[in-house]
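Enquirer: Dropping a structure here in structure tokens format, bear with me for questions.
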Amino acid sequence: AEPILDEDTRNLTILAESLRAAKEREAAIEIFEKLAKVTDDGEAYIAIGNLYYQEDEIDQAIAAIDKGLKKGKLKNPGFAQLTLGQALFEKERFDEAREVFNKATQSKSDAVKKTARSWLKYTDSEQERVKNLNLRRESIS
């Protein structure tokens, strides 16, 4: 069947946002993927990454947010960097997370800067904790 509405940027954005608001994440991702192909900014990829992150699909979240940051022209790149850093942190990719949080400290948003600095401290302490845990495991075995 032919779509009733044109699949232009405006209509795809409305549909994707409506699906996201209705917590229809899989359907929203599908529409955001169409939107990503017809827009010149990375916002749709960031939305896809956030949806994957909410579904605990961390690897897909990392890939999508990274794509969005590379495509650029984002309204709030700092927020995207925070989410990317948190996703990397969850995968215990601490050095990469630290690099992303450092970039986020350059944000225009004071809230993003403050949050990024907190995540940097937390990342350092968590990396140390994981390292010590692994050393203890090795010494026991």
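Bear in mind these aren't lab numbers, they're just calculated from the coordinates by the rules spelled out. Source: prediction; values computed, not measured. Ideal geometry is used to build each Cβ from the backbone, glycine not excepted, and the neighbour counts take in all protein chains shown.
Enquirer: Output wanted: per-residue J couplings in Hz (rounded whole) for segment 111-116, from phi through Karplus 6.51 cos²θ - 1.76 cosθ + 1.60, θ = phi - 60°, x for Gly and Pro.
Expert: 4, 5, 4, 4, 5, 4
Enquirer: Still on this structure, please answer the following. Quick one: putting +1 on the C-beta of Lys and Arg, -1 on the C-beta of Asp and Glu, what dipole do you get for segment 41-94 around its Cα centre, in Debye to the nearest 20?
Expert: My answer is approximately 360 debye.
Enquirer: Here is a follow-up. Could you give the alpha-carbon Rg of the chain over 2.2 N^0.38 Å, rounded to two decimals?
Expert: 1.24
Enquirer: In debye, nearest 20, what is the charge dipole magnitude of the chain about its Cα centre with +1 on Lys and Arg Cβ and -1 on Asp and Glu Cβ, if you could check?
Expert: Approximately 840 debye in magnitude.
Enquirer: A follow-up question, please. Normalised by the number of residues in the chain, what is the relative contact order in percent for Cα pairs under 8 Å and 6+ residues apart?
Expert: In percent, rounded to a whole number, it is 14.
Enquirer: Right, here's the next one. Positive end of the charge dipole of the chain (Lys, Arg +1 and Asp, Glu -1 on Cβ, about the Cα centre): tell me which of 102, 64, 36 has its Cα farthest that way.
Expert: 102
Enquirer: Go through segment 13-26 residue by residue and turn each phi into a ³J(HN,Hα) via Karplus (6.51, -1.76, 1.60, θ = phi - 60°); whole Hz please, and just put x for glycine and proline.
Expert: 5, 4, 5, 4, 5, 5, 5, 5, 4, 7, 6, 8, 5, 4
Enquirer: In degrees, nearest 10, range 0 to 90: what is the angle between the Cα axis of helix 94-104 and the longest Cα principal axis of the chain?
Expert: 60
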